[in-house]
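FYI, it's all coordinate maths here, none of it is from the lab. This structure is a prediction, so every number in the text was calculated from the model and none was measured. Cβ sites come from the backbone with ideal geometry, for glycine too, and all protein chains shown count toward neighbours.
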Amino acid sequence: MMVDLSGLFERNEFSAVIIRTDFTDEAAWRVTTAELERSSHYDGDPAESYDVVDAPELDTDAILGAISADEELWEQLSVVFVADGTTMRADHHALLAVTTMTREDFEDDEDYEAMHEFGREFRTVPSGVHSIHANLELANMDFQDFSSSAHEDSEGVFRFSSTAG
């Protein structure tokens, strides 16, 4: 199954991309999006601080495949956030933050391996999405800065704090 990502070309570069793969709980989705909007630093409508792509039943590999299939989009995105079954079921509604960066994005194996020290994905509470996305876009922080923080959490979740960017 291929997902249509063409709408993402019109997005603001500072809008986080949320890929929704689970549609089992609309109330949980509303809680998640409300937190995304509440934590937005966007000057306009907070709902415009993120873009949602509906991709029912897709897994991380299929999502990354769809992104990498479009070179222009792949160059624009360094991270996407997946709203999956775990997001909908967990009390914290943590989304899966997934890096789109591959070996080709690094000058050497050492840099690539450092970026993936804690894997290519981690969970983040919705309030962390904007900080992660903006800091990666501005190159203020690296993916592993956030993934290491999630790794240190007892539930493996990045929990946004004002000191995290």
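On the beta carbon distance between Arg103 and Phe14, with R0 = 22 Å, the FRET formula returns roughly 0.25.
Projecting label points 7 angstrom from Cα along Cα→Cβ for Asp153 and Arg89 puts them 1.8 nm apart.
Which log10 I(q)/I(0) values, to two decimals, does region 53-94 give at q = 0.18 Å⁻¹ under the Debye formula with one point per Cα? So the normalised log intensities are -0.58. Computed over region 1-152, the P(r) tail beyond 19 angstrom holds 51 percent of alpha carbon pairs. Over the chain, DSSP H runs of length four or greater, each weighted -39,500 (n - 2.57), average out per residue to a 222 nm ellipticity of -10000 deg cm²/dmol. Once C-alpha pairs closer than 8 Å and six or more residues apart are averaged by separation and normalised to the residue number of region 15-158, the relative contact order reads 26 percent.
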